[in-house]
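Engineer: Pasting a structure here, questions to come.
The values are calculated or read from the model by the stated rules, or taken from the named source; none is laboratory data. Predicted model, so just to flag it, every value in this text is computed and none were measured. FYI the Cβ positions are ideal-geometry reconstructions off the backbone, even for glycines, and counts take in every protein chain you see.
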Amino acid sequence: MWYVYGETAIDCILHTKRADEVAVYSDSLGLSPSDVRTKLGLEGLPQVVISNEAPRRVINLDSYVLLPDGEVRDIDSGVPPILPLRLLITSSDLRTSDIERIERITKTYPEILTDVTSL
């Protein structure tokens with residue numbers, strides 16, 4: 001199984017192209033960046049980075065993934081995202097890199113609703 005997560009999944013939901021890289025989780029070896037690009041039609045997008053470590057999930061948007069069939073779904077429930085997107089922090093175990101990513105997402109995607117009291 002593999003899926004694209006992070007800002008590329010957000011881009012697919014919002015029909016934008018703002019992500020700096022395509023982050024991919026794969027639970028098996030052998031998946032190549034060209035496989036991902038071909039399967040999802042991601043030609044010309046930034047670098048594809050494949051990892052076998054499950055991504056950190058510290059905000060609600062982290063559960064949305066782009067599946068190999070081109071659909072964006074909640075990885076837990078299988079439900080498609082509901083617009084408008086709202087960013088909520090779902091973990092109290094935040095690292096500096098998480099805080100920097102949250103800040104980047106709020107600046108890069110102003111259409112995502114954010115409750116400033118949760119930041």
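Engineer: When only residues in segment 24-58 that are surrounded by 10 or more Cβ atoms within 10 Å (Cβ to Cβ) and among the hydroxyl-bearing types (Ser, Thr, Tyr) count, which is nearest to residue 10 (Cα to Cα)?
Structural biologist: Looking at residues that are surrounded by 10 or more Cβ atoms within 10 Å (Cβ to Cβ) and among the hydroxyl-bearing types (Ser, Thr, Tyr), I get 25.
Engineer: With the condition being in contact (Cβ under 8 Å) with a residue 24 or more places away in the chain and of a type in the set (A, V, I, L, M), I'd like the strands (runs of 3 or more DSSP E) fully within segment 7-119 carrying at least 2 qualifying residues.
Structural biologist: 21-26, 47-51, 64-66
Engineer: Here's another thing I want to ask about it. Run residue 98 past the list (1) at pLDDT below 95; (2) among the acidic types (Asp, Glu); (3) surrounded by 12 or more Cβ atoms within 10 Å (Cβ to Cβ) and report the number of the one that doesn't hold.
Structural biologist: (1)
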